[in-house]
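Note sheet for the following structure.
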Amino acid sequence: MDAPKNLGDQISDAVNDAINKQDFSALKETVGRAIDLASENISRGLAQAHEKAKEAPSQTRGAAGGNQAYVPPFQAQAERLARRQQTLAAKQANAQLQARYVSVTGQKVAGYAMAIGGGVLAAGFGATALGLGLGGAVSAIAGLQIGAVACGVFVIPSVILLGLGIARINLANTFKRFCGIIGPRSVVNVSELAQRSRLSVPKARAALDRMLRRGWFREGRLDASEECLMVTDEAYEQYQHARALLAEQRRTQAIEAKTKAALQAAEEKRRAEAGVTAKAQEVLDRGNAYLSAIRESNAAIPGAEITAKIDQIELVVQSIFERAQEHPEVIGDLTRLMDYYLPTTVKLLDAYEDLDAQPVQTDNIRESKRQIEDTLDTLSVAFEKLLDSVFRDTAWDVSTDISVLHTVLAQEGLTENPFEKSSDTPTLTLHP
């Protein structure tokens, strides 16, 4: 501090001296030296401040272990700003939580007022009724007795008012406990609220219902099963969305189940039909094999008469198989054909072919051939009867259709009604 003071004194003295002597030639030199000296002092001060700043961390150790580092001013300011922002964020979060609920302080005050008022009134009316009743009983004054009864009547609503006040206070306290349990959550189970509030689930649910009806939860709602409480509209919208998705999923599952059942039924039907078709195809394959064998024997056996018999058998059997292909239900009627008639026919034709191929036709050979030809006639008749049996249903349907057609035509007057004959129609008499 001395250098700056001396410098000021020097400049002041130089100026005064120049004014007094009216000689300003030395003033410039004096001021220049003063400025140079000031610059040196400033540079020296900055260097010393810099050195002190470097030594500051080692010299500013705290009492708690001596490890407290030097904190630059800008860093301390940033930390204060961060703490301020955290405090502000906490206040905003708390404000958002408080915005979910209605303040029940007024409800508690009203409850206390109701309880105190009801208690005072009940005690007053009760004491008055008791006093008047005792006085009326002793003095037998009717007015005292009537007054006792009147005061006794007012005791009942006073007690009710007391009970309502206590109930309101308890509900407000339960509401605050619920809010503390919920905290920052948007959804909470009613069972959790009941357990942590030491209430039964029905009582907790009843309390929530009263709170919701009074609007204490600004956005609160219970789910459809009344098992979850949602305290925000956003949570309720998510619940509604999830519920819609669940309903859609259940509908989809129901449709899939019905579709699966229908497909399974169709698959079973297809398998059943495929089973019949496979069975019919098996019969047709065996039948075609027998027909091929019959055609080969027919080609190898000469003679017009035997060839005609084999042609007839081949034609009838082929017709039977074509019918079976169109109507698989007649397959059950072809058991004897497949198991006996056709194998026997093929064996007989093979034997006939062998006999006919012999170079010498003896009497026994000719007799055997004749017997085979007669047997082929019998088989041909059997095949024709079998063919007739597989067309039996069709024949019956045709006969029924023809009969109905004749009846309808007769009723329409388009032909003669066989049931109504005129008197001049000659009677047909059958003679034995």
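The values are calculated or read from the model by the stated rules, or taken from the named source; none is laboratory data. Computed from a predicted model, the values in this text were never measured in an experiment. Reconstructed Cβ throughout: ideal geometry from the backbone, glycine too, with neighbour counts over all protein chains shown. All accessible areas refer to the heavy atoms of the entire protein, side chains included, with ligands and DNA or RNA removed. Shrake-Rupley method; radii C 1.70, N 1.55, O 1.52, S 1.80 Å.
Output the pairs from Lys279/Lys369; Lys108/Lys203; Lys347/Lys385 with a Cα-Cα distance over 28 Å in this structure; if there are none, say none.
On the way: Lys279/Lys369 36 Å; Lys108/Lys203 20 Å; Lys347/Lys385 21 Å.
Over 28 Å apart, Cα to Cα: Lys279/Lys369.
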Legend entry - Whole-percent carbon and sulfur share, accessible surface of segment 247-359, 1.4 Å: 53 percent
Legend entry - Cβ-derived FRET efficiency at R0 60 Å, His241 paired with Phe154, nearest 0.05: 0.60
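Arranged from highest to lowest average of other beta-carbon atoms within 10 Å per residue, in what order do the peptides 185-191, 165-171 appear? Could you put the intermediate results ahead of the total?
On the way: 185-191: 15.9, 165-171: 17.7.
Highest to lowest by the protection proxy: 165-171, 185-191.
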Legend entry - Probe 1.4 Å, protein heavy atoms only - accessible area per residue of segment 164-205 in square angstrom: 54 Å²
Inset, instruction - On a C-alpha basis, how far is the centre of segment 154-233 from the centre of segment 319-337 in Å? Whole number, if you could? - result: 81 Å
Legend entry - Estimated distance in nm for a label pair at Ala254 and Ala278, the labels positioned 7 Å out from Cα along Cα-to-Cβ: 3.8 nm
